[in-house]
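The values are calculated or read from the model by the stated rules, or taken from the named source; none is laboratory data. Since the model is a prediction, treat every value here as computed from it, not as a measurement. Cβ atoms come from the backbone with ideal geometry, glycine included; neighbour counts cover every protein chain shown. Keep in mind that these areas ignore ligands, DNA and RNA; they rest on the heavy atoms of the full protein, side chains included. Shrake-Rupley method; radii C 1.70, N 1.55, O 1.52, S 1.80 Å.
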Amino acid sequence: MSDFSEDLLRPTPEDDPAETSVRPRSGMCLPWLQKQVESVATRGKKEKDFAQTTSACLSFIQEALLKHQWQRAAEFMHSCLQILEDSDSHKRQAAPEIIWKLGSEILYYHPKSSVETFNTFADRMKNIGVMNYLTISLQHALYLLHHGMFDDASRNLSQAETWRYGEKSSSQEALINLVQAYKGLLQYYTWSKKKKELSELDEDDYAYSTASQNMFKHSWKTSVSFSALVQTPGVWDPFVKSYVEMLEFYGDQDGAREVLTNYAYDEKFPSNPNAHVYLYNFLKREKAPREKLISVLKILYQIVPSHTLMLEFHRLLRKSDKEEHHKLGLEVLFGVLDFAGCTKNLTAWQYLAKYLRQILMGSHLAWVQDEWNSRKNWWPGFHFSSFWAKSDWKEDKALAYEKAFVAGILLGKARCDYQQTRTQPSDKHLRQEGASQNQHNQVTATTARGQPCVKCAH
Amino acid sequence: MDREEAKEFRERCAQCDAVSWGLTDEGKYYCTSCHNVTERSKDVLNSEAIPNTKIQAINRGLKKRNKLEKGWDWYVCEGFQHVLCQQAEALKALGVGPELKNQVLHNFWKRYLQKSKQAYCENPVHARKRKASVLGSPSHADWESEPALLSDASGPFVESDGPRKPSPPSRASHSEMASICSGSLDGVEYSLRKEKGLVKMAMPTTLALCGLSLLWQREALALSDLLRFVEEGHIPYVNAFERFPEEMKLYGRDKGIFAIESWPSYEDVYRQMIDVATFLDLPRFPAITEDCYLHPNILCRKYLMEVNLPDEMYDFTCQVVKMAGIGEVDFLTFDPIARKGRTVKYDVQAVAVIVTVLKLLFLLDDNVEWSLSAIAETYNEENKEDKPCFDFRKWYQVMKKSFDEKKQKWEEARAKFVWKSKKPLYHSPIDRSVVYKRREMVVNLQKQFSTLVDSIPTAPKNSPSSFQFNWTEEVTGGTCFHGHSLQGILYKKGQSVTTMNSLYWLSTQKFCKSYCKHVTTYEESNFSLTYQFIINLFSFLLRIKTYSLHEEVSLIEKRLFKKKYSTAKTKSSRSRKVRK
């Protein structure tokens, strides 16, 4: 990487001062927006036709790409390359990125393109303006991976990893970390392949020890690649996951716990539900105390109340000794069922039916009322309409039973469309179904007989 | 370490391009950012420190060679002379008479140099400046300092590729100073020069000079044609400096003067033509009579053919020209002194006449033209043997299609236009390597992408033509309207013929009288769709802005309906009957 450091050294436009215009570096190409931005930036000054040409050229390329006319896009690309020589140094600095993005897109799809063409292009682009070296290397590696060229990708990443450019490399530390982490991910891939081979080998086999030795060597290298990235704030799910798996495999539970705790709780990191999921799963594997598990899931509940783990959370809460946990358990169930994606979740309805009964038996009517008050306006239409009754009855009878029970409790029999719709065809049906449904029948019967209905309790 | 001492070494590092040098113990430069050690060692400037004078001699020798690499000493006006020379040659190749180059343009140019006090006068600017700069060393004669070509006044125009003597060494001191920021001798001063009343040469001015010469010669080339040929690359303009002799080095300020990144605009060059003519104090131009190409009648005929309108409309355009009084010799002939700052935009005016005639015949209010088309259509169906009657709708459909295609092609060509020269210009010698490297990079990338393009579309350049559309029967397959008659939309009334359409509307009701330069504005959405189409079509043909055509139409109407404007300003203007 030798050239164009002037891109870095001289932020001032080299053209005559009359043309000085501060323009935001825009990577994305929205022609209408661009035009507006430009007219603001040039303060009404006449724009050169060169700029007109390039922006027209860019929109032609954009159009061609949208229509998958790779040939045509390449044609325009040919003249678009002159933006690399723009005399406005702001624009010129933004140019390599634009060229790279468009060019790589064209070369990815163009029928005449090949891996070699792409490689040449990437290598050329890497050396235009040092600032893009790492990003392009990374994307190049991803392209190679896409074409199954694992070794080439790995080599590419190693090259990028060792890249240094004076002071500039420090400003791109995050990128270097990312490159390293991708390298680590590739190593993890080899590792887990080896692990699989190992599991197929006999422990007494001679090959076993060499193989396991190999694995050790790998894991050490990989953990180095990952650790830097995992410290930087960001969302690094796949990396964290692989890192933890390797740490755990080699018995470094403390290390794994530290990584996960940091990932989930460090405030500098963006809020990320997966971080808590990973931590929870890890703690579960570790057989951590229930209290601890609950505290992890509590945070997840606040971020994603509809997460699949919420039912598990409910179970934990139910088993807990604390009364507040019991109350939270009800909240969680209601919370899950607030979401359209969960309306047909049989387990959730089963839990709710069972739990409602349990709570009412424990005479915590107020809890149910608390939850119901905010939902009474919309749950009947959302869950208990006669439409749902019919379709649920057709598709999943077990679900229909649970829902009918819940509806009965929450709405009272008289006002419950769901139950009525259901019971009419079901009476006959039920008798035929016989013993298996008996239990439910009884439940309905008890409700009907006059267990305290939430509605009636007012 | 020795950063202070290494300060004068300003080249970029070959490894990392930084300009941050230190000195090693051996006196070699090394890059402080990448630790690359160069082969170059610090010149020992202090002669006392080193007794070995041989080293000094070597150093001096190297420096001298560098100077020679710089190329000739040249002045900015010489650069423009090269450009003008190329343009004149190109015009000659397009079929313009040879007198244009050798007499007219050459004379204009000489006059310009004289008026701007660059040559052909006592005490030209270069000499004045020279005297000031080399005060105290009166060894060189004055004439030597004049741009070399000007002392050679014998030939009509100095051939640009003729042999040139290398600059006399006596200029060295000056060239060294001047070339700090430009390749030419006076690039910096030139760009700083500001005098009242001076018209400074710039690239668009070269076209203005060409335009004036064409006008003087009454050549069959309107300004819009000239600019279109420039755009199509038949006349050197963008990157004209590429064809300068190898030894004329351009960089720094020269870049701002000769490298342009915009197409010439009609309005701009038109303004410049007037400015230059006034500045040169030119006498009245040869008269534009009825047999001249630039006379509205002939231009109208040309543009009627171009846009596929019936020949019979020619009578109407002649009528309008006559009634508006725009066919008079006095009106048409350019006289920079007598008519201050006014000349006729011949081509725009002719087109405006056609638009006016179309309005007279078809009203163009999105209504009348279509009902007249219906009449023509039925007439054509009933009388298949006769000469077909002009059907506006059919014409619109044909034109719309061709126009859209043409415009699309034009837009694509514009988007594909390559502005950057093969010979990149840099701002200072420090940038040189970077700029060249970047150029190389772009060329490589271009090569790569051109292999992806199917059959490389190096379609042979369109040979220059004053027509942009071709309506001959065999090409368009019977969509030529030239022979169609206007019978269906006229009727006899006694001796004269009157149009079926008796209404008219004015493009501008009230003219702008404030001090802003425009007389009217064109807000597209206020006008009928047909009118918009017509205006778009014609302004595309001339490559001018829609509003300037609209303005010209309004001006013709102003002359045509003088009474309407002067008497009843408030009255509706739609009531005027067209007398024939």
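See the values below:
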read-out: Spin-label model distance (nm) - A:Thr261 vs A:Thr210, 7 Å beyond Cα toward Cβ; value: 4.2 nm
read-out: Carbon/sulfur fraction of accessible area - the stretch A:209-361, other protein chains in place, 1.4 Å, %; value: 54 percent
read-out: Using θ = phi - 60° and Karplus 6.51 cos²θ - 1.76 cosθ + 1.60, couplings along the stretch B:105-115 (whole Hz; Gly, Pro as x); value: 5, 4, 5, 4, 5, 4, 4, 4, 4, 5, 5
read-out: B:Lys513-B:Thr278 pseudo-label distance in nm [points 7 Å out on the Cα-to-Cβ vector]; value: 2.4 nm
read-out: Accessible surface of B:Asp335 - all protein chains present, 1.4 Å probe, nearest 10 Å²; value: 20 Å²
read-out: Theoretical FRET efficiency, 1/(1+(r/R0)^6), r = Cβ-Cβ of B:Arg193 and B:Arg111, R0 25 Å, to 0.05; value: 0.85
read-out: Probe 1.4 Å, accessible area per residue of the stretch A:90-191, Å²; value: 42 Å²
read-out: A:Lys268, A:Lys287, reordered so the largest accessible area comes first (probe 1.4 Å); value: A:Lys287, A:Lys268
read-out: Minimum 50 Å² accessible area buried by the other protein chains, the stretch A:77-94 residues, probe 1.4 Å, relative to alone; value: A:His78, A:Leu81, A:Gln82, A:Glu85
read-out: Rounded accessible area per residue of the stretch B:302-433, 1.4 Å, Å²; value: 44 Å²
read-out: In Hz, Karplus ³J(HN,Hα) per residue of the stretch A:137-152 (6.51, -1.76, 1.60; θ = phi - 60°; x = Gly, Pro); value: 4, 5, 5, 4, 4, 5, 4, 4, 4, 4, 9, x, 8, 4, 5, 4
read-out: Which of B:Tyr436, B:Tyr75 is most accessible, then next, and so on - probe 1.4 Å; value: B:Tyr436, B:Tyr75
read-out: Distance violations [Cα-Cα > 23 Å] among B:Lys322/B:Lys345; A:Lys91/A:Lys126; A:Lys48/B:Lys510; B:Lys384/B:Lys493; B:Lys255/B:Lys545; A:Lys48/B:Lys513; value: A:Lys48/B:Lys510; B:Lys384/B:Lys493; B:Lys255/B:Lys545; A:Lys48/B:Lys513
read-out: Residue-averaged beta-carbon neighbours from other chains (10 angstrom radius) around A:49-56; value: 6
read-out: Cut-off under 5 Å, modelled amide H: who pairs with B:Ser485 long-range; value: B:Cys389, B:Phe390
read-out: For B:245-257, mean number of other protein chain Cβ atoms within 10 Å; value: 1
read-out: Threshold 40 Å² - residues in the stretch B:377-424 whose accessible area is reduced by that much or more when the chain is no longer isolated, probe 1.4 Å; value: B:Glu412, B:Ala415, B:Lys416, B:Trp419, B:Lys420
read-out: Interchain or long-range residues, amide H under 5 Å from B:Trp72's placed H; value: B:Met248, B:Lys249
read-out: Spacing of the two label points (7 Å from each Cα toward its C-beta) at B:His482 and A:Tyr108, in nm; value: 5.4 nm
read-out: A:Ser374 - accessible surface, heavy atoms, 1.4 Å probe, Å² rounded to 10; value: 80 Å²
read-out: List A:Asp254, A:Asp396, B:Asp347, ordered by accessible area with a 1.4 Å probe, largest first; value: A:Asp254, A:Asp396, B:Asp347
read-out: Over 31 Å (Cα to Cα) - which of B:Lys101/B:Lys407; B:Lys110/B:Lys196; A:Lys327/A:Lys394; B:Lys359/B:Lys406 fall in this group; value: B:Lys101/B:Lys407; A:Lys327/A:Lys394
read-out: Average beta-carbon neighbours from other chains, 10 Å sphere, peptide B:431-441; value: 4
read-out: Solvent-accessible surface (1.4 angstrom probe) belonging to A:Met131, in square angstrom, nearest 10; value: 70 Å²
read-out: Protein heavy-atom accessible area occluded, A/B pair - total, 1.4 Å probe, Å²; value: 4100 Å²
